[in-house]
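For reference, the structure discussed in these notes is given below.
The values are calculated or read from the model by the stated rules, or taken from the named source; none is laboratory data. Bear in mind the structure is a predicted one, so any value in this text is a computation, not a measurement. Every residue, glycine as well, gets a Cβ built from its backbone with ideal geometry; the counts of neighbours run over all protein chains shown.
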Amino acid sequence: MKTKDKMSDQGKESVTKNSGKGRPTPSRKEREAANRKPLVGNKSKEAMVAARAKQRDDRLKARQAMLSGDEKYLLGRDRGPQRRLAREVIDNRYTLIEGLMPLMVVFLLITSVTNEAAKSVITLVMIIALIVVTIEVSLLHRIIKAKVKDKLGADTSIQKGTWFYTFTRGMQPRPLRIPKPGPRRKTK
């Protein structure tokens, strides 16, 4: 019996010696430190400064491309061949729409300091100005539709929102329009 016990003890010793992992079990503190990683990339000060500089350069590049009219960087409302034609029509002529906003500001200032009779007259003039601008936008819209049919084919359907795009683009002061308008062409 003793021989059986000795053999079984030797087997247990060999199993325990060979089955070890060769290093001590890490403490909980060590495991938590190993698992701690930044959620978003490298958080060192130099890396954050470099990332901010890269983002700034990318934004400036995209803005310059948008101002120059690069289709890839334009807003969704400005993309497409129909909107390009609309911009050409609006930007190449003098319109009454451009004067609407300054006119409204002047009317607002005048109505704040005048009497009731003058306010009634100014209100009537403002309504007439809105009607005239609406008629002008409608005429420009017809010109844009004709140009689209001419350049893109007679079976081309007009993009939704072209009338409103004409109105908003025309109402913006020229220096604030994006993409920037080219120089106005002289009409003979």
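Can we say Ala146 is farther than 22 Å from Gln82 by Cα, assigned to a helix (DSSP H, G or I), out of contact with any Asp or Glu (no Cβ under 6 Å at 6 or more places or on another chain) and modelled with pLDDT of 90 or more?
No, not satisfied.
Report, ordered by the first and then the second residue, all pairs with beta carbons closer than 6 Å, sequence separation of six or more or different chains, a first member in the range 58-79 that is free of Cβ contacts under 8 Å to residues at least 24 places away in the same chain, and a second member that is of a type in the set (A, V, I, L, M) and exposed (fewer than 11 other Cβ atoms within 10 Å of the Cβ).
none
Of all residues in the range 149-188, which are closer than 18 Å to Pro81 by Cα, among the basic types (Lys, Arg) and assigned to a helix (DSSP H, G or I)?
Lys149, Lys151, Arg169, listed by residue number.
Can you confirm whether Ile122 is surrounded by 15 or more Cβ atoms within 10 Å (Cβ to Cβ), touching a Gly at 6+ places or on another chain (Cβ under 7 Å), at pLDDT below 95 and among the aliphatic types (A, V, I, L, M)?
Values: surrounded by 15 or more Cβ atoms within 10 Å (Cβ to Cβ): yes; touching a Gly at 6+ places or on another chain (Cβ under 7 Å): no; at pLDDT below 95: yes; among the aliphatic types (A, V, I, L, M): yes.
Taking the combined requirement at face value, the residue does not satisfy it.
Within the range 44-137, which helices (runs of 4 or more DSSP H) (wholly inside it) include 1 or more residues that are farther than 23 Å from Lys149 by Cα, over 27 Å from the mean Cα position of the chain (by Cα) and aliphatic (A, V, I, L, M)?
Answer list for the range 44-137: 100-113.
Among the residues of the range 136-150, is any under 25 Å from Leu75 (Cα atoms), touching a Gly at 6+ places or on another chain (Cβ under 9 Å), surrounded by 14 or more Cβ atoms within 10 Å (Cβ to Cβ) and not charged (D, E, K, R)?
yes
Quick check on the range 65-75. Is at least one of its residues at pLDDT 90 or above and among the acidic types (Asp, Glu)?
Among the residues of the range 65-75, not one is at pLDDT 90 or above and among the acidic types (Asp, Glu), which makes the answer no.
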